[in-house]
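The values are calculated or read from the model by the stated rules, or taken from the named source; none is laboratory data. On a predicted model such as this, the values are computed, not experimentally measured, just so you know. A quick note on method: Cβ atoms are made from the backbone with ideal geometry, for glycine too, and the neighbour counts reach across all protein chains shown. Each accessible area value is taken on the protein alone, full model and side chains, heavy atoms only, with ligands, DNA and RNA left out. Shrake-Rupley method; radii C 1.70, N 1.55, O 1.52, S 1.80 Å.
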Amino acid sequence: MNHTRDKRLKYANLILDTPELLPNLLDILFDVDDKTSCRAAWVLEFVCADNLELLLPYLDVFTENINKVHLDPAVRPIAKICEYLAKAYFSKTANKVQLTLTNKHKELIVETCFDYMINDEKIAPKAYSMNTLFLFGNEFDWIHLELITIIERDYQIQSSGFKARARQILKKIKK
């Protein structure tokens, strides 16, 4: 598989049509030193964008391993999936994520997102992480305080994309 959208969609549809393959995809994804793991991350992102509930039976495996993902092309989709989970959890529409996501899952997601914020990651994982942390900060006050500290500390040295997202998040926090 290559990185084209068509290929990612093809394999995501395979997983969507055959959900029993999802554990195999997760095994490939969390073999984090193999470049194939990046491809698995791309596919999982597409799967979750279409049907996030397929991931729910595997939330323990997902959240316990996301902090191990370190290859740049895999980090971005992981951060995006964390954002999907946070958005679903805080949705005004009742959904299964709200019933399934435990405090342990939330802690592991928050920890990973803070790691993405303080490590030398590209803008996309930082942007997704900012949004995820903002959302979870609505439940845990301390998150907003830490997020503000990191944003303000890094603001001057970051890209214009980071700065734009940071301004949005700071504005939301101060409301």
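Considering only residues of the range 1-38 that are touching a His at 6+ places or on another chain (Cβ under 9 Å) and under 13 Å from residue 78 (Cβ atoms), which is surrounded by the fewest Cβ atoms within 10 Å (Cβ to Cβ)?
32
Considering (1) open to solvent by less than 40 Å² (accessible area, probe 1.4 Å); (2) more than 17 Å from the chain's Cα centre (by Cα); (3) at pLDDT below 95, say which one residue 148 fails and leave the rest.
Failed condition: (3).
Would you be able to say whether some residue in the range 23-43 is at pLDDT 95 or above, β-branched (Val, Ile, Thr) and over 17 Å from the mean Cα position of the chain (by Cα)?
yes
Would you check if there is a residue in the range 47-65 being surrounded by fewer than 21 Cβ atoms within 10 Å (Cβ to Cβ), more than 19 Å from residue 19 (Cα to Cα) and not charged (D, E, K, R)?
yes
Can you tell me which of (1) in a helix (DSSP H, G or I); (2) acidic (Asp, Glu); (3) within 23 Å of residue 162 (Cα to Cα); (4) free of Cβ contacts under 8 Å to residues at least 40 places away in the same chain is the one residue 107 doesn't meet?
It is condition (3) that residue 107 fails.
Looking at the range 28-56, I want the residues that are among the β-branched types (Val, Ile, Thr) and have a partner that is assigned to a loop (DSSP other than H, G, I, E, B) with Cβ atoms under 9 Å, at least 6 apart or on another chain. Which pairs are those?
Matching pairs, first to second residue: 28/34; 32/69; 32/70; 32/71; 36/1; 43/1.
Could you check the range 160-175 and list, in sequence order, the residues that are closer than 17 Å to residue 122 by Cα, under 20 Å from the mean Cα position of the chain (by Cα) and surrounded by fewer than 17 Cβ atoms within 10 Å (Cβ to Cβ)? Steps first, please.
To start, the set of residues in the range 160-175 that are closer than 17 Å to residue 122 by Cα comprises 160-166.
Imposing the further condition that a residue be under 20 Å from the mean Cα position of the chain (by Cα) reduces the set to 161-166.
The answer is 161, 163, 164.
Could you look through the range 107-125, keep only residues that are in contact with a helix residue (DSSP H, G or I) (Cβ under 8 Å, 6 or more places away or on another chain) and over 18 Å from residue 63 (Cα atoms), and pick out the one that is surrounded by the fewest Cβ atoms within 10 Å (Cβ to Cβ)?
The initial filter retains those residues of the range 107-125 that are in contact with a helix residue (DSSP H, G or I) (Cβ under 8 Å, 6 or more places away or on another chain), namely 108-118, 121-125.
Pick out the ones that are also over 18 Å from residue 63 (Cα atoms) and you get 118, 121-124.
On the way: 118: 14, 121: 19, 122: 16, 123: 16, 124: 17.
For the range 107-125, the residue satisfying everything is 118.
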